[in-house]
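Worksheet for the structure shown next.
The values are calculated or read from the model by the stated rules, or taken from the named source; none is laboratory data. What you see is a predicted model; the values in this text were computed from it and never measured. A quick note on method: Cβ atoms are made from the backbone with ideal geometry, for glycine too, and the neighbour counts reach across all protein chains shown.
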């Protein structure tokens, strides 16, 4: 393992290794000149502009829809209603959930009932953006409001209004995860810390570019062409295919530059399906550019999770034995990608810690709110936040130093590869060292002194918090079987296509859909090393494009996996291409392969630079001069090499809910120092540090950028960003005016450091990273906890705006319920 | 006086090029730039004037082009991201953003560059705090602003070095 | 982002603008447009004709009299106020407040007139102008009148302006020796929407003389808190007496609750910001 500081210049391991260097990005040239091709920059000939008609009610019967006035407007091509859309579909969208949840029906547009504010009931196509919106306002919709449920726990109660009659319940999934022996642990612990409720709030990363698509249902060929900024088009194709009655090979997806996604652009297939039907009806392409308020209301939110009746058995020396909790995941009105959140969290069952006994009773409920879908740190960060909260609360209640308590309970460097209670394997890492580095980067010693000097009575308090988190990457989709054993999913993979073109150009095509993760650059670095040339000489095409033929069922950019799956595929494809080049060169130069070497776009006999053939010569022989080659070689070598990287996974044990669910585990340890104003509850961040360990870094600057970004989003979520609904199901933050996205004034400078613990399980020692595990939410809550006194309530919410902090600061004075109690051995029955 | 009406003929100079167009009064300047002039480098990220992705320099002033109507631009000189590079050569800010990884998805970048351009014109050597204050109206969801601030600081630092160099040069004479 | 169809006109003079406003029902003056444009984008108000007054020279000047009275044209931008020598000379607080309105882009376009005429309770300048005892200068095709800032703000998005009237400038009296001003907010985040805010103008001559304490976001318009003002008058300019005066802020306030703060929190914070604003005013006045 090597220890480096991000401020140090990248060192070259060998003279010509591009991997590991912070080279500038291939993407930047076009992006800094405004030459990126984002979704609203694209179009198709003859396109109309779409505008969705959306429900103002959170729950209502659709009594009638009358599009006549809209259709009468000049420039309006078509109006498609929910009922018409249903008529054009074969079946509702495929559901992942088994049982009751599997009977939840969703169609491209709402039919009969709307279930959240903004649910789309119709869509208009017109000759301009303006006309489309003008006409949409003329679509007359009569609603009959129904009772609303916006609380994910209450939604599970028997008297709650039911959203989906066919399911008959709002419980979309329920299951108990039981690992180790929690009953034994609770019985034998010296202390049991009991926490009433922890609430992980609803927010999203709100990519700056909203969703969008141009969709054409070609009347002649039946091909449905979709230009979009979807980040996992194959998932959309899989869900939409049966519904629209379109075979996979009649979908033609493509994407270019994507203006941020963070998981939020996985699941807008209902909109794309509606646009496809609209195009089919109108006989022309439909272009839709989501506007921000529409995005906030209807695109996607992150999972909101409530943990109840948490019990933490702890030994006198601070050894945490496990955790027991009930979890309610509020996933909004429809199941998009859900209930996968009910299992994805179990990639990190014990978080960074060694405890073995975990029982989580998990319930997924639907509510009259915007449907959720993956959001950076998807499902794991909610669980990791709960674990970090309990570690801090245990420290606070039992008088342990939060740093020492963590170090004592962390998985230790010598424990790797470490098997978790549910069979996941943590590949490598050094958590105690990461924590020490993070504390040092944040100058914690200085702040501890400052905290003592500050004392009491100044109106200010200083708090120091830690967020320890794992960023699990490269999913084993077999975990889907844990929520539904009938699902035919397992494993993972990614494809890449490496090609030497006619004039000697090297091209890599990827099936990924990057949104800032620098795939063009890092893929070129890896390819350049194998071909011994400069990344500048390698062209990389990204974007899921059927024309590139370089995708597999799991292609896309999500779940922290590109460095493993994407680059694993690139390495395999480029190695195949290299071998073909060497074979042709061997014939051309009449020299054995093991005497050849590649360099700067040519192949030469080692030690005889004059005996060389440039790549253009190789390409010439294969493409346009192949009679020169022996027929055996000419008919075998194509210079078009595809490779699919498949990680080594098995199908999980669905009965025990165990298995290796994820290939790699990056870690991120964050430290946050805050100053809190006692009178107002206003929190100011004084120092912030983050130490990342993602194994071998392909491009350290890119990794550091991901660390910064994850930190920025998490800090903003912890203090500023929240989606809240009133009791009528009206979203209180439907635009950036109310939803305060963190600005450069709000996000502090972030000091980042890194260590590299290479993964033994990946082709290149790299681990996926980028999501960041929500560490800032843990660290900020931890820092706020640190300013609170013994009699104050605990930090029980992941979102802490000033009023909530103010309430906490004065909760002890008022004698508010603290939300926590400790039962200790020997004082059975007496609350301590 | 510009006459009263729902459509207007306007003349706008963008990046030095003069355009005459008939526009609807209701068209936002950002849609005029993107849809009418096909200058799609200027982006849209919100509908409340909150995100700054559409920032352009309008008669020397940094503005959000979603907060002006196209007819308000009649007679105006506008600078957009497309005008920053000259003869294929990236300007110092563009180079610095690339060198310091000041962009990831690149969607906020055009607006951010215009804001940084304006900021450095007003104050060639801003402190980190002044930079953060200056770009407060531009939301970035990818970078946590860390490398954006670094990118702008590096250009400011170069200005500082040049200013010092010039002063030293004079002192020596 | 897509507006309803609307007419636009850019008059050359204030009288032309006033004529247009008088003769067109559904006409609205367009100054910086930093709020109005959003209103139009979201189609929450019906406007048929936008009368663009943003470039009218008559509305764009800042003048300062020998007595220190300052008059700011309604179409002067926040950024211009921030950088105005005239404003900085005797009304530094106005410049300081203007310098922290939202962001640079908005400060380059947003105007003092727009900030006042929208009468959005989150806007920065109204409570300050009430505290400073400003006068709003109003013209119509029929004549002109003056309205005290205190009487100008009538409710959410409602002012004393009658149809056809235009706010042309704001006059602010001098902050004389011993008189200081303060302005403190609890905001959602840096330079962003206020949860609660106070502006104060306090005269200190040994003891506190006249004091104006204005609270914002506790009601639909900025409100003077007479109880606290009375408690301050004659009190020593100390932290203790200001704290005691702030304690008079109580249940008579019934602030709105929204996702950024409950009514109770706003009421408690009103005490905190009022106290801090008054102390800031005392410190500033004492420095003269």
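Of all residues assigned to the stretch C:273-282, none qualifies as being touching a strand residue (DSSP E or B) at 6+ places or on another chain (Cβ under 9 Å), in contact (Cβ under 8 Å) with a residue 24 or more places away in the chain, assigned to a strand (DSSP E or B) and not assigned by TED's automatic domain parsing to the domain that holds residue C:66. Residue A:177 meets all of the listed conditions (1) buried (at least 21 other Cβ atoms within 10 Å of the Cβ); (2) over 25 Å from residue A:781 (Cβ atoms); (3) within 27 Å of the chain's Cα centre (by Cα) but one, namely (2). Of the numbered conditions (1) more than 14 Å from every other protein chain (Cβ to nearest Cβ); (2) closer than 27 Å to residue A:737 by Cα; (3) surrounded by fewer than 24 Cβ atoms within 10 Å (Cβ to Cβ), residue A:267 satisfies every one except a single condition; which is it? Of (1) more than 14 Å from every other protein chain (Cβ to nearest Cβ); (2) closer than 27 Å to residue A:737 by Cα; (3) surrounded by fewer than 24 Cβ atoms within 10 Å (Cβ to Cβ), only one is false for residue A:267: (3). Taken together, the residues in the stretch C:167-187 that are touching a helix residue (DSSP H, G or I) at 6+ places or on another chain (Cβ under 8 Å) and either closer than 24 Å to residue C:103 by Cβ or not in a loop (DSSP other than H, G, I, E, B) (or both) amount to 13. Per the conditions (1) assigned to a loop (DSSP other than H, G, I, E, B); (2) within 30 Å of residue A:461 (Cβ to Cβ); (3) without any contact (Cβ under 8 Å) to a residue 12 or more places away in the chain, the sole criterion not satisfied by residue A:679 is (3). Taking the criterion of being in contact (Cβ under 8 Å) with a residue 60 or more places away in the chain and under 25 Å from residue C:92 (Cα atoms), the residues of the stretch C:36-60 that qualify are C:58, C:59.
Taken as a whole, the structure leaves residue B:131 outside the set of residues that are more than 28 Å from residue A:296 (Cβ to Cβ), under 13 Å from the mean Cα position of the chain (by Cα), touching a residue at least 12 places away in the same chain (Cβ under 8 Å) and not in a loop (DSSP other than H, G, I, E, B). Among the residues here, residue A:691 does not qualify as within 13 Å of chain B (Cβ to nearest Cβ), in contact with a strand residue (DSSP E or B) (Cβ under 7 Å, 6 or more places away or on another chain) and over 30 Å from residue A:116 (Cβ atoms).
Scanning the stretch A:25-74 for residues that are more than 30 Å from residue A:368 (Cβ to Cβ), touching a helix residue (DSSP H, G or I) at 6+ places or on another chain (Cβ under 6 Å) and within 14 Å of chain B (Cβ to nearest Cβ) gives A:25, A:26, A:27, A:28, A:31, A:32, A:34, A:36. Among the residues of the stretch A:755-764, write down those that are surrounded by 22 or more Cβ atoms within 10 Å (Cβ to Cβ) and either out of contact with any helix residue (DSSP H, G or I) (no Cβ under 7 Å at 6 or more places or on another chain) or free of Cβ contacts under 8 Å to residues at least 60 places away in the same chain (or both). Across the stretch A:755-764, the qualifying residues are A:756, A:757, A:759.
In the set (1) more than 21 Å from residue C:186 (Cβ to Cβ); (2) under 16 Å from the mean Cα position of the chain (by Cα); (3) touching a residue at least 24 places away in the same chain (Cβ under 8 Å), residue C:104 fails one condition alone, (2).
Does residue C:213 satisfy being within 22 Å of the chain's Cα centre (by Cα), touching a residue at least 60 places away in the same chain (Cβ under 8 Å), at negative phi and within 14 Å of chain A (Cβ to nearest Cβ)? Here the answer is no, as residue C:213 does not meet what is asked. Can you name the residue in the stretch C:7-39 that is within 8 Å of chain B (Cβ to nearest Cβ), part of a helix (DSSP H, G or I) and out of contact with any helix residue (DSSP H, G or I) (no Cβ under 9 Å at 6 or more places or on another chain) and, of all such residues, is farthest from residue B:27 (Cα to Cα)? Here the answer is C:16.
In the condition set (1) surrounded by 24 or more Cβ atoms within 10 Å (Cβ to Cβ); (2) away from every other protein chain (no Cβ under 14 Å), residue A:747 is compliant with all but (2). Residue A:127 meets all of the listed conditions (1) touching a residue at least 60 places away in the same chain (Cβ under 8 Å); (2) surrounded by fewer than 15 Cβ atoms within 10 Å (Cβ to Cβ); (3) within 14 Å of chain C (Cβ to nearest Cβ) but one, namely (2).
Of all the numbered requirements in (1) under 12 Å from the mean Cα position of the chain (by Cα); (2) within 14 Å of another protein chain (Cβ to nearest Cβ), residue C:76 misses one, and that requirement is (1). Restricting the stretch A:187-213 to residues that are more than 14 Å from chain B (Cβ to nearest Cβ) and either assigned to a loop (DSSP other than H, G, I, E, B) or under 30 Å from residue A:42 (Cβ atoms) (or both), the residue that is farthest from the chain's Cα centre (by Cα) is A:190. Remark: residue A:150 falls outside the filter, which requires a residue to be crowded, with 18+ Cβ neighbours inside 10 Å and assigned to a strand (DSSP E or B). Total residues in the stretch A:431-470 satisfying the condition of being modelled with pLDDT under 95 and crowded, with 20+ Cβ neighbours inside 10 Å: the figure is 0. I need the full set of residues from the stretch C:241-264 which are more than 26 Å from residue C:118 (Cα to Cα) and within 14 Å of another protein chain (Cβ to nearest Cβ), in order please. Result: C:242, C:243, C:246, C:247, C:249, C:264. Count of the stretch C:204-216 residues, restricted to those that are touching a helix residue (DSSP H, G or I) at 6+ places or on another chain (Cβ under 7 Å) and either more than 23 Å from residue C:103 (Cβ to Cβ) or not assigned by TED's automatic domain parsing to the domain that holds residue C:234 (or both), is 7. Just to be sure, is residue A:664 crowded, with 23+ Cβ neighbours inside 10 Å and not in a helix (DSSP H, G or I)? The answer is yes for residue A:664.
For the condition closer than 30 Å to residue B:141 by Cβ and either modelled with pLDDT of 95 or more or in a strand (DSSP E or B) (or both), residue B:10 does not qualify.
This table checks each residue for (1) surrounded by fewer than 23 Cβ atoms within 10 Å (Cβ to Cβ); (2) in contact with a helix residue (DSSP H, G or I) (Cβ under 9 Å, 6 or more places away or on another chain); (3) more than 27 Å from residue A:517 (Cβ to Cβ).
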residue: A:738; (1), (2), (3): yes, yes, yes
residue: A:775; (1), (2), (3): no, yes, no
residue: A:812; (1), (2), (3): yes, no, yes
residue: A:823; (1), (2), (3): yes, no, yes
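The lone criterion from (1) facing another protein chain (nearest Cβ under 7 Å); (2) in a strand (DSSP E or B); (3) modelled with pLDDT of 95 or more left unmet by residue B:4 is number (3). Here residue C:4 fulfils each of the conditions (1) under 17 Å from residue C:114 (Cβ atoms); (2) in a loop (DSSP other than H, G, I, E, B); (3) at the interface with chain B (Cβ under 7 Å from one of its Cβ atoms) apart from (1).
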